[in-house]
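Have a look at the structure below before the remarks.
The values are calculated or read from the model by the stated rules, or taken from the named source; none is laboratory data. The structure displayed is predicted, hence computed values, not measured ones. Cβ coordinates were reconstructed from backbone atoms using ideal geometry, including for glycine residues, and neighbour counts include every protein chain displayed. These accessible areas exclude ligands, DNA and RNA; they are computed on the full protein's heavy atoms, side chains included. Shrake-Rupley method; radii C 1.70, N 1.55, O 1.52, S 1.80 Å.
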Amino acid sequence: MRIAEYLNEQRVSYEYLPHAPAFTAHQLAKYLHVSGDQVAKCVLLRGPANYYVAVLPATYQVDMQRLGAALNGAVRMADDREMAEVFRDCEWGVVPPFGALYGLATLLEETIAPEAALVMEMNTHVEAIRLRCRDYERLEQPRRLHFARRSEGKKTCTQTSDIS
């Protein structure tokens, strides 16, 4: 399902953000002139029993050991083939933020504030949305965990945003 259709059906307020092709969360932040802390990158992880969609700030990276301890088993990044199999309706390399639409559990980094405005990739490398974390959580019902740590040396453009 297309994310915009889903959000419209659920009557969630969001801002549609078309942009130049961005293949990383840091490129997305640069093209949209927002802080990397506002961009929520999504990664597909293979855990002890299933796949998970992990949502974390672009300026962070997944701490596999910490997450493995929380999930009671080894965790690894899914490879390109696995991503293509799971997200058949998305462009190659895109991990959408709504794992529930694909039958997957979603993990949300607990350091993201409920009032934060999040920029998230949609089903393509040229479309993003901005919505409130609280609205995202209401729809997705992710499991909040502290599973990420700030990346070293990443710099992005900053600009404040305002959505209702």
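For the stretch 53-96, give me each residue that is among the aliphatic types (A, V, I, L, M) and out of contact with any strand residue (DSSP E or B) (no Cβ under 9 Å at 6 or more places or on another chain). Those that are among the aliphatic types (A, V, I, L, M) and out of contact with any strand residue (DSSP E or B) (no Cβ under 9 Å at 6 or more places or on another chain): ALA69, ALA84.
Only residues that are part of a strand (DSSP E or B) and of a type outside the set (A, V, I, L, M) were counted across the stretch 58-88, and they come to 3.
Any residue that is among the charged types (D, E, K, R), in a strand (DSSP E or B), at pLDDT 95 or above and under 19 Å from LEU17 (Cα atoms) - is there at least one of those in the stretch 139-150? Checking the stretch 139-150: not a single residue is among the charged types (D, E, K, R), in a strand (DSSP E or B), at pLDDT 95 or above and under 19 Å from LEU17 (Cα atoms).
The condition (being touching a helix residue (DSSP H, G or I) at 6+ places or on another chain (Cβ under 9 Å) and either under 19 Å from THR124 (Cα atoms) or not β-branched (Val, Ile, Thr) (or both)) is satisfied by just one residue among ARG2, ARG66, ARG11, ARG76: ARG76. For the stretch 89-126, taking the residues that are open to solvent by 10 Å² or more (accessible area, probe 1.4 Å) and in a helix (DSSP H, G or I), the one that is nearest to LEU56 (Cα to Cα) is identified as ALA100. Would the stretch 64-76 turn up any residue that is under 16 Å from the mean Cα position of the chain (by Cα) and either without any contact (Cβ under 8 Å) to a residue 24 or more places away in the chain or open to solvent by 10 Å² or more (accessible area, probe 1.4 Å) (or both)? No, the stretch 64-76 contains no residue that is under 16 Å from the mean Cα position of the chain (by Cα) and either without any contact (Cβ under 8 Å) to a residue 24 or more places away in the chain or open to solvent by 10 Å² or more (accessible area, probe 1.4 Å) (or both).
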